[in-house]
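Presented below is the structure to which this report refers.
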Amino acid sequence: MTSRCQTAILISGRGSNMRALIEAAKVVDYPARIALVVSNRPDAAGLDFARSEKIAAISIDHKVFKDRASFERELDDTLKAHNVDLVALAGFMRILGDDFVAGWHGRLINIHPSLLPAYRGLNTHNRALADGAIEHGCSVHFVVRELDAGPVIAQGRVAVHEGDTEASLAARVLNVEHQLYPRALAAVASGQVRLEGGRVVGVDQVADLARFCVS
Ligand code: GRF
């Protein structure tokens, strides 16, 4: 068996998706090993959990760098120093620049709380409610230069209920995120799902992803 894909998770806050990935990676034959957690915010609660799991957890405070490029060079150097193969963004609240994104092309994934291409950017739950959407959800996608515009790997759906608030809808979506992201990371880490010529290939071979839908 080949060695597990060395994976870094980038966070900015509570890190509940990070936690779901760490838990999934405890299973012996899970194809990714969580080698590193990095936060751009030193006070991110997720760092403590990662450390409690004996995972290297580093804060790289973007505020101490003179510009985005120097912050991202430090981030890139840190990932390389830890022999990282794959980067999973999980509530990482910094937009990444073109050089960083190009350097990790096909090896950089993100989870976004909407059914992309609907509701790129922030406040996705409120916007879905304001539109009277009847379904909502989350997407795991490869990261490209344009924000939240990368090819989608997998989506999880929820119904929008009458009387839903931002909080109730966010909680229902988050529950699906925690189920979807470990499955999507496994598919990419194992090489089953890949980015080729700007398109995602291999999803049809992963029954777990192709049929994933929760309401
Ligand atoms: C999640 O909703 C994720 O989709 C979005 O940011 C949130 C992060 O939550 N990108 P957590 O830090 O994983 O709990």
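The values are calculated or read from the model by the stated rules, or taken from the named source; none is laboratory data. Owing to the predicted nature of the structure, the values given are computational and were not obtained by experimental measurement. So basically every Cβ, Gly included, is an ideal-geometry build from the backbone, and we count neighbours across all protein chains shown. For accessibility, only protein heavy atoms count, side chains too; no ligands or nucleic acids. Shrake-Rupley method; radii C 1.70, N 1.55, O 1.52, S 1.80 Å.
Stretch Glu53-Asp29 to full length: gain in nm at 0.36 nm per residue minus the Cα-Cα span?
Stretched fully, the Glu53-Asp29 segment lengthens by 6.8 nm.
Roughly how many debye, to the nearest 20, is the charge dipole of the range 154-198 about its Cα centre, given +1 on each Lys and Arg Cβ, -1 on each Asp and Glu Cβ, and no other charges?
240
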Per residue solvent-accessible surface (Å²) - the chain, probe of 1.4 Å: 49
Highest-MSF residue in the chain out of Gln179, Gln155, Gln205 [GNM, Cα springs under 10 Å]: Gln205
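I'd like the chymotrypsin sites (Phe, Trp or Tyr not before Pro) in the range 1-76 restricted to DSSP loop residues with at most 16 other Cβ atoms within 10 Å, sorted by number.
Phe65
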Accessible surface, 1.4 Å probe, highest first, among residues Tyr181, Tyr119, Tyr30: Tyr119, Tyr30, Tyr181
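Calculate what fraction, in whole %, of the accessible area of the range 1-87 sits on carbon and sulfur atoms when a 1.4 Å probe is rolled over the protein chains.
Carbon-and-sulfur percentage of accessible area, whole number: 50.
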Pairwise FRET efficiency - Asp208 versus Lys66, Cβ, R0 = 41 Å, nearest 0.05: 0.40
Carbon and sulfur %, accessible surface of the range 98-177 computed with the full protein complex present, 1.4 Å: 51
Relative contact order (%) - criterion: Cα under 8 Å, at least six apart; region: the chain: 19
Packing-based ranking, highest mean first, of 16-22, 140-146 given that Cβ atoms within 10 Å are counted: 16-22, 140-146
Structure-based [θ]222 nm, the chain - -39500 (n - 2.57) summed over DSSP H runs of at least 4, per residue, nearest 500: -10000 deg cm²/dmol
